[in-house]
There are 2 protein chains.
Amino acid sequence: MNFIRNIMKPRSEEDEKFYGELKIILGFSPNNILIYRKAFVHRSIKVTDEIGNPQNYERLEFLGDAMLGAVIASYLFKKVPSGNEGYLTQMRSKIVSREHLNELGRDLNLIRFVQSNISKSKFGENINGNIFEALIGAIYLDKGYKYCKRFTYKRVIKPYIDIPKLEGKITSYKSLFIEWCQKQKTDFKYEVYDDTGMDTIRHFSVKLYLEDKVIAKGRATSKKKAEEIASKRAYYAFQKEISNN
Amino acid sequence: MNFIRNIMKPRSEEDEKFYGELKIILGFSPNNILIYRKAFVHRSIKVTDEIGNPQNYERLEFLGDAMLGAVIASYLFKKVPSGNEGYLTQMRSKIVSREHLNELGRDLNLIRFVQSNISKSKFGENINGNIFEALIGAIYLDKGYKYCKRFTYKRVIKPYIDIPKLEGKITSYKSLFIEWCQKQKTDFKYEVYDDTGMDTIRHFSVKLYLEDKVIAKGRATSKKKAEEIASKRAYYAFQKEISNN
């Protein structure tokens, strides 16, 4: 029951650490870290409040799911003025798919914060997405809708949402770029290296060369993603030429 | 195409009328009534903006649905601290059911604002709920999340949401009250009268008598609802006695 003591006593050494890491993930200062603690309490812990209500992340997950849905809806509404209701609904489903949410939670390594009485190896994949949603629920309770929006832009929309890709028009910027290079008979090279920097999560950086010139860079939590980011940037820089290909 | 002229020229006489009626429904002053106009444009009108995007209520309906879902989720989260994720999901589905949204739209008589090229008799029932959602979408665009919340509390939560009833524990306060009176062998009487007052929508008021004393009142857009409101008030006033029944 060490955990319960910790959540009841703010500003212990562990709290300080949690606060610091959380702040990096959130991109702003949380007010009440006790709320965020709950976003990582697995039901196996069986903590209840003074009147017996269970205190685990499942209720926060419900709340976060609704907030995420609202933020993504308003983003798509504004971003795609030509999309009808059916299109918007479909795009939103892709963004908030179980698979995508799991990826988001996994990339932030949220599982390191989880308090549980069962082994983490027994969690299954979906816990990553569930605690990602619970974190958004906690943000809503702590700071309101505006901050849910801010967090969602930072962690979901900006790094991952790409309308042509979601529409299935482009499945990989890397293959599009390589194809173009081959047709042009131009040399290219992806140079990938480990670049964890100040992050607690492993990151990779990539430089994309066209002939001997660096034309784009990318940085992400996997080599594949870093390459895709650099390719996308190169694609947009060379868009006219690639599209006329 | 009289309608298009109207939406393009703010502050016509018709705009003034729309603005006034809208303000009563919303409970606050809208900033940009052109946004609200769109919430009532049926697809049959075939209006597009300067670059060809359709301007009807369907996109706003998508946005409003998401905002309503978020507001109701946060309300239930706070209101029912003992409810788990499954319970909260189920309660929300009941509140935002097609049937309930249609009722909400119908009660506000939103259909009077609809601009369409087909006869209103051909709309079908669901248009009431659809434009109710579109109105919430318009509120979000015009005034932000806070006002969506305010409107939803005023028009959905406060007048209609009743947790015991949603849970199916109580299906009718009227029958509960009548049953109790019969067991007690006490006379009661519902006195209903038309009471439109300053409203543009027809309203009914009811006085509920126990013996010869008025013990509760209700007011709503149908006789049945007004009676139910009065019965609910009586129920809560006499709760202990009725529950021990």
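If I filter region B:110-117 for residues that are at the interface with chain A (Cβ under 9 Å from one of its Cβ atoms), touching a residue at least 12 places away in the same chain (Cβ under 8 Å) and within 22 Å of B:K23 (Cα to Cα), do I get at least one hit? No, because not a single residue in region B:110-117 is at the interface with chain A (Cβ under 9 Å from one of its Cβ atoms), touching a residue at least 12 places away in the same chain (Cβ under 8 Å) and within 22 Å of B:K23 (Cα to Cα).
Between A:A220, A:A134, the distinction of being on the phi < 0 side of the Ramachandran plot, hydrophobic (A, V, I, L, M, F, W, C) and touching a strand residue (DSSP E or B) at 6+ places or on another chain (Cβ under 8 Å) belongs to A:A220 only. Please determine, by comparing only the residues of region B:194-218 that are assigned to a strand (DSSP E or B) and more than 28 Å from the chain's Cα centre (by Cα), which one is surrounded by the fewest Cβ atoms within 10 Å (Cβ to Cβ). Here the residue is B:K213. Being assigned by TED's automatic domain parsing to the domain that holds A:G86 and modelled with pLDDT under 90 is true for just one of A:K224, A:K146, A:K158, A:K154. Which residue is that? A:K158 is the lone residue from the list that is assigned by TED's automatic domain parsing to the domain that holds A:G86 and modelled with pLDDT under 90.
Suppose the filter is assigned by TED's automatic domain parsing to the domain that holds B:F151, over 19 Å from the mean Cα position of the chain (by Cα) and modelled with pLDDT of 95 or more; does B:N53 pass it? No; evaluated as a whole, the condition is false for this residue. Only helices (runs of 4 or more DSSP H) whose full extent lies in region B:105-193 are considered here, and the ones with at least 2 residues that are charged (D, E, K, R) and surrounded by 17 or more Cβ atoms within 10 Å (Cβ to Cβ) are B:127-143. Does B:G86 count as within 14 Å of chain A (Cβ to nearest Cβ) and out of contact with any helix residue (DSSP H, G or I) (no Cβ under 6 Å at 6 or more places or on another chain)? So B:G86 fits the description; yes.
The values are calculated or read from the model by the stated rules, or taken from the named source; none is laboratory data. This one's a predicted model, so the numbers in the text were calculated from it and none came from an experiment. Counting neighbours? That spans all protein chains shown, and the Cβs are built from the backbone with ideal geometry, glycine included.
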